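The values are calculated or read from the model by the stated rules, or taken from the named source; none is laboratory data. The model shown is predicted, which means the values in this text are computed figures rather than measured ones. Every residue, glycine as well, gets a Cβ built from its backbone with ideal geometry; the counts of neighbours run over all protein chains shown. Heavy atoms of the whole protein, side chains included, go into the accessibility calculation; ligands, DNA and RNA do not. Shrake-Rupley method; radii C 1.70, N 1.55, O 1.52, S 1.80 Å.
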Amino acid sequence: NAMPEKMKKHLILTLLIGLAIARLQAQTDEKTQIETLIKDFYFEGWMTGDTAKVGKAMHPTCHLKFFRDNVFTDISRADYLSRFKPKEKTAGTEGRIVLLDVTGNIASAKCELETPKALFTDYFNLIKTNEGWFIVDKISTRVDK
């Protein structure tokens with residue numbers, strides 16, 4: 001007793017829609033995990049000088065790179081974290097995720113950290129490992145106000 005052709009097509013279409021929804025949900029979950037990592041750990045740690053929070057967001061191999069005053073600088077994670085000092089969050093300071101692109105276990109995020117004195121734009125490359133998402137590379141620029 002064969003299934004009618006119309007019913008087969010309906011079943012296949014339903015399965016394809018279900019798979020598409022599952023894929024979108026998985027991507028949404030990954031984006032939520034990345035947003036939490038960046039906002040709750042990187043931004044919050046950066047704004048308060050909490051090296052434990054910033055460090056949790058960054059993979060041990062992470063490097064920060066920037067070009068300023070005609071000098072290319074490459075800073076290790078340890079060197080970067082050593083520059084932070086605990087402080088109260090400065091009024092008028094905020095972090096924003098401008099763009100977020102996820103493909104499987106890799107992602108790219110464009111972020112802005114704005115202080116009363118400067119606007120920092122960071123591009124993060126991220127990888128998801130068995131331990132979760134990490135910033136594995138960061139390039140940055142600064143515009144003074």
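The figures follow:
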{"item": "Estimated dipole of the stretch 81-139 in Debye, rounded to 20 [Cβ of Lys and Arg +1, of Asp and Glu -1, Cα centre]", "result": "240"}
{"item": "Nonlocal amide H pairs with M58, under 5 Å, H built at 1.01 Å", "result": "I135"}
{"item": "Cα-projected label distance for L119 with S76, points at 7 Å along beta-carbon direction, nm", "result": "3.4"}
{"item": "Angle between the chain longest axis and helix 5-36 axis [Cα atoms, degrees, rounded to 10]", "result": "10"}
{"item": "Karplus (6.51, -1.76, 1.60) ³J(HN,Hα), θ = phi - 60°, over the stretch 65-70, in Hz, Gly and Pro reported as x", "result": "10, 7, 10, 9, 6, 6"}
{"item": "Distance from the stretch 105-133 to the stretch 26-56 (C-alpha centre basis), Å", "result": "9"}
{"item": "Size of charge dipole - the chain - debye, nearest 20, with Cβ of Lys, Arg +1 and Asp, Glu -1, no other charges", "result": "180"}
{"item": "Residue-normalised accessible area of the chain, given per residue in Å² at a 1.4 Å probe", "result": "65"}
{"item": "Correct choice for Rg/Rh (Cα atoms, Kirkwood Rh) that was computed from the model, options [x] 1.19; [y] 0.93; [z] 1.00", "result": "[x]"}
{"item": "Label-point separation in nm, Q33 to A2, each point 7 Å along Cα→Cβ", "result": "4.5"}
{"item": "Cα-based reach from K138 at 28 Å (exclusive), listing lysines while leaving out same-chain residues under 8 positions away", "result": "K31, K39, K53, K56, K65, K85, K87, K89, K110, K117, K128"}
{"item": "Extension gain from R83 to L16, taking 0.36 nm per residue of separation minus the Cα-Cα distance", "result": "19.0 nm"}
{"item": "Stretch in the chain that is longest and holds no GluC sites (Glu not before Pro) that DSSP places in a loop and that have at most 14 other beta carbons within 10 Å", "result": "1-87"}
{"item": "Most mobile of L13, L81, L100 in a GNM of the chain (Cα contacts under 10 Å)", "result": "L13"}
{"item": "Extreme residue, positive dipole direction of the chain, given options N105, V136, T36 (C-beta unit charges)", "result": "N105"}
